[in-house]
Number of protein chains: 2
Amino acid sequence: MSAPPDSPLRALARAAKDAARAMARAPAAQRAAAIRAIAEGLSARRADVLSANRLDVEAARAAGLSETLTDRLSLTHARVDALQGALLEIAAQPDPVGATTREWSRPNGLRVRRVRLPLGVILMIYEARPNVTLDAAALCLKSGNAAILRGGSEARATNAALFTLVSAGLSAAGLPPEAVVMVPTQDRDAIDELVTLSEEIDLVIPRGGPGLIARVVARSRIPVVRHDQGICHVYIDAAADPRKALDIAVNAKTQRPGVCNAMETLLVDSAVAAAHLPALLAALDARGVELRLCPAALAAAGDAACDASGDASWRARLAPATPADWDAEFLSLTLAVRVVDGVEGAVAHIDAHGSRHTAAIVTEDAAAAERFTREVDASCVLVNASTRFNDGGELGLGAEVGISTTRVHAFGPMGAESLTAEKFVVWGDGQVRG
Amino acid sequence: MSAPPDSPLRALARAAKDAARAMARAPAAQRAAAIRAIAEGLSARRADVLSANRLDVEAARAAGLSETLTDRLSLTHARVDALQGALLEIAAQPDPVGATTREWSRPNGLRVRRVRLPLGVILMIYEARPNVTLDAAALCLKSGNAAILRGGSEARATNAALFTLVSAGLSAAGLPPEAVVMVPTQDRDAIDELVTLSEEIDLVIPRGGPGLIARVVARSRIPVVRHDQGICHVYIDAAADPRKALDIAVNAKTQRPGVCNAMETLLVDSAVAAAHLPALLAALDARGVELRLCPAALAAAGDAACDASGDASWRARLAPATPADWDAEFLSLTLAVRVVDGVEGAVAHIDAHGSRHTAAIVTEDAAAAERFTREVDASCVLVNASTRFNDGGELGLGAEVGISTTRVHAFGPMGAESLTAEKFVVWGDGQVRG
């Protein structure tokens, strides 16, 4: 069902489309100036933003929102610092619009170039995390797009405060105010209408729970790049360095357990399960991780070799895993642990249970690492590093609009370049086709 | 509505998904060998293919299929030669799978690479042109994907003959037979079911009339890259070389009028309309083109300057354009002609009426050409060359699965590389996030 031509949402989208034309032609310096102005605004209005956020967090607590979502919602001074740093990093990046990515000649003398251009109008539908409001606005500005932002109701006050900064930044740089617009309603029907506006909107990016994503995919007439859940894996190979294995497993699980790039399942090669698991499990247990093990892992954990050095009460807290645990995104201090047979077993487990998000291998064997990086189905594959690095900022993109878990258009963290297309520009001197 | 788990089409898609895993790991040489084997088969079985095609063409004529579609359907010796050349060119191209496209380091020592990988399973839904069967199969093989092909009923016999060659090529190279499968029914409901199989299929490419594309977009739960109609423009600038203008306009309109990169509207700068139009219109009329003009073009055509040199009876055949003509994909020897004010006027007309397919400018003014290539909304923008070059083969891609008219994922002709994604591969030595 398409929206009536005069609906308020269609008018909003049309205004964004007109602004997108102006954005595509706006000089790089002007778009970067808008991003810097937003960063300056964030610095000047930090107190307002934090107090708006406190309102949202208090309301979330009162409404009984989960600890994970409340953590995602909360802004702290450190998080505002990070946001500001991301804005300045994005502003300073090379501008993608108009860049020639490749160039070649044809036998008939035609010179062919691929040239980057903005996608047009991008609809971001997201939940909880208010940083997305600024990250997405900045990345859309950097890539010459217009953006329609639809944040979650739980972050309403924070998003409103941040959106004020975006509008002020656009105005300070002389860009059209409709280059970034916010959907003025929290009504879910608004999403249903927006995703049918294929004449006005070029790309929909839903970032949130499975319910939101399924709703968007089912209704959209516009291309969708999904930012799905992260069922992320760390695989401890036979040739793993035990110290790296421990550091990476602990970091991947506990550094911020409520986010999508945290580890949900630990895989251990059967050849070293008995050697590594006791120390790994004891360390995770000591940090409050609830452990759910396959039978082989339970057996390997029974090895008493490490008990000489301390308390072994963690053994009593181990629980058997259920089949559902292999497919769970816990987003909390719960971890599934499974023994597998080598790289092949790890790849097969991730094929069957992963969400194409993040996988890490710990190994000193370069051939095993190469095979894992080639064969495993994940947008980001890490060798001897924590899954927590699958993040636009950490990988050098400045920030991200999210992490795509489908291979079409973009795979993994999406920075400014992921919000562009490439056209063919062909120069001739009168060539015709024979 | 999702398909029942045991439906025959889902079983077909699952088999393709299993084959896709094998294809992603198959060496480049093996996949190239399959493509060469298909080319050899085409050479050995050319007579069978042509006689199958004659059956389809006769049936099409008997059923009253349009001249345009019958032309698209027909194979000739020259077209088979071209197909064979395309297969060999694709086989010889560098393999995209596993290629590192970029590489950088982070301050913490992480080394980040972007590495190409196949998309997975690609569903091609196409009409008429049987060459798509081989082009799509070869490009999917080259990019390590599996393909599900669903050609149109009008090309049934030809597609069956060509598909035999594909199966034989896969078998000769030792690749799984399900790496390229053909949908065994012409039932339209099959399309409706296939586009819901988001667990098995990664990308849907519909290539055909607006009805087919609308049907797929409305029902698909899988990402779709549309290959829409081509409302293509040639703009004759004030600084155009008259000879190039004439050659390009005639070629773009008449060399093969039934295809998507043929010109449908000719735009002429008002500053030179009176100078150029009489010669242009006379030449097009002489090749049987039916001309529909805006009032300013009709006035400019009245200039008698060129009549000295010959017959001016073409003037009597000019007709006024109706508003619908600006939005028409004629696919025949009909052309709309409009006078516009400079590059700005041309860009505005194409913004309003183009289909993001192809636009050409004829000019000796580099600044005008630069502006046109930057601002015009088309997947391929040509300077002083015919629109007919917006074609994967002509631009050096070997062949194409089609020409994408949406900016998401790919824009313009899609070769093997457009059927890949890029994952992040990150090497560390124990890094964790602080």
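The values are calculated or read from the model by the stated rules, or taken from the named source; none is laboratory data. This is a predicted model, so every value here is computed, not measured. Positions of Cβ are backbone-derived with ideal geometry, glycine not excepted, and every protein chain shown enters the neighbour counts.
Some notes on this structure:
- Elements of type helices (runs of 4 or more DSSP H) in the range A:228-332, at least 1 residues being within 14 Å of chain B (Cβ to nearest Cβ): A:242-254, A:273-286
- Residue match in the range B:194-204 (condition: of a type outside the set (Ser, Thr, Tyr), more than 25 Å from the chain's Cα centre (by Cα) and surrounded by fewer than 24 Cβ atoms within 10 Å (Cβ to Cβ)): yes
- Of the strands (runs of 3 or more DSSP E) lying entirely inside the range B:89-180, those containing at least 3 residues that are surrounded by fewer than 24 Cβ atoms within 10 Å (Cβ to Cβ) are B:100-105, B:111-118.
- Looking only at the range B:378-403, and only at residues there that are in contact with a Pro (Cβ under 8 Å, 6 or more places away or on another chain) and in a strand (DSSP E or B), the one that is modelled with the highest pLDDT: B:Cys380
- Here B:Cys380 meets the list (1) farther than 28 Å from B:Arg243 by Cβ; (2) touching a Phe, Trp or Tyr at 6+ places or on another chain (Cβ under 7 Å); (3) at the interface with chain A (Cβ under 8 Å from one of its Cβ atoms) almost entirely, failing just condition (1).
- Check on A:Ala378, surrounded by fewer than 24 Cβ atoms within 10 Å (Cβ to Cβ) and assigned by TED's automatic domain parsing to the domain that holds A:Leu266: no
- Filtered residues of the range B:193-217 (kept if among the hydrophobic types (A, V, I, L, M, F, W, C) and under 24 Å from A:Thr405 (Cβ atoms)): B:Leu194, B:Val195, B:Leu197, B:Ile201, B:Leu203, B:Val204, B:Ile205, B:Val216, B:Val217
- Hits in the range B:347-362 - residues which are more than 10 Å from chain A (Cβ to nearest Cβ), farther than 24 Å from B:Val225 by Cα and not in a helix (DSSP H, G or I): B:Ile361
- Matching residues in the range A:381-403 - criterion: being surrounded by fewer than 23 Cβ atoms within 10 Å (Cβ to Cβ) and touching a residue at least 40 places away in the same chain (Cβ under 8 Å): A:Asp391, A:Gly393
- Residues that are of a type outside the set (Lys, Arg) and either within 7 Å of chain B (Cβ to nearest Cβ) or closer than 10 Å to A:Asn261 by Cβ (or both), drawn from the range A:364-377: A:Thr373, A:Glu375
- Restricted to the range B:404-415, and to residues there that are without any contact (Cβ under 8 Å) to a residue 60 or more places away in the chain and part of a strand (DSSP E or B), the residue that is nearest to the other protein chains (Cβ to nearest Cβ) is B:Gly412.
- Residue in the range A:172-184 that is closer than 30 Å to A:Asp285 by Cβ, away from chain B (no Cβ under 12 Å) and not hydrophobic (A, V, I, L, M, F, W, C) present: no
- Screening A:Arg72, A:Arg45 for residues that are of a type in the set (D, E, K, R) and farther than 17 Å from A:Thr164 by Cα leaves exactly one candidate, A:Arg72.
- Looking at B:Glu370, B:Glu344, B:Glu364, just one residue is more than 23 Å from B:Leu298 (Cβ to Cβ), under 28 Å from the mean Cα position of the chain (by Cα) and of a type in the set (Asp, Glu), and that residue is B:Glu370.
- Condition met for A:Trp427 (surrounded by fewer than 24 Cβ atoms within 10 Å (Cβ to Cβ), at the interface with chain B (Cβ under 10 Å from one of its Cβ atoms) and among the aromatic types (Phe, Trp, Tyr)): yes
- Each residue in the range B:383-403 was checked for being within 7 Å of another protein chain (Cβ to nearest Cβ) and β-branched (Val, Ile, Thr), and 1 pass.
- All positions within the range B:84-137 that are touching a helix residue (DSSP H, G or I) at 6+ places or on another chain (Cβ under 7 Å) and β-branched (Val, Ile, Thr): B:Ile90, B:Val97, B:Val121, B:Ile122, B:Ile125, B:Thr133
- Across the range A:95-143, the number of residues qualifying as of a type in the set (Ser, Thr, Tyr) and more than 22 Å from B:Gly396 (Cβ to Cβ) comes to 3.
- In the range A:227-247, the count of residues that are touching a residue at least 60 places away in the same chain (Cβ under 8 Å), touching a helix residue (DSSP H, G or I) at 6+ places or on another chain (Cβ under 9 Å) and within 21 Å of A:Ala137 (Cβ to Cβ) is one or more.
- Taking every residue in the range A:193-214 that is away from every other protein chain (no Cβ under 11 Å) and under 14 Å from B:Val217 (Cβ atoms) and pairing it with any residue that is surrounded by 19 or more Cβ atoms within 10 Å (Cβ to Cβ) and of a type in the set (Ser, Thr, Tyr), at least 6 positions away or on another chain, the pairs with Cβ-Cβ distances below 8 Å are A:Val195/A:Ser220.
- Meets criteria (more than 9 Å from chain B (Cβ to nearest Cβ), within 20 Å of the chain's Cα centre (by Cα), of a type in the set (S, T, N, Q) and surrounded by fewer than 23 Cβ atoms within 10 Å (Cβ to Cβ)) for A:Ser418: no
- Residue ID - modelled with the lowest pLDDT, chosen from residues in the range B:205-230 that are surrounded by 24 or more Cβ atoms within 10 Å (Cβ to Cβ) and in contact with a Cys (Cβ under 9 Å, 6 or more places away or on another chain): B:His227
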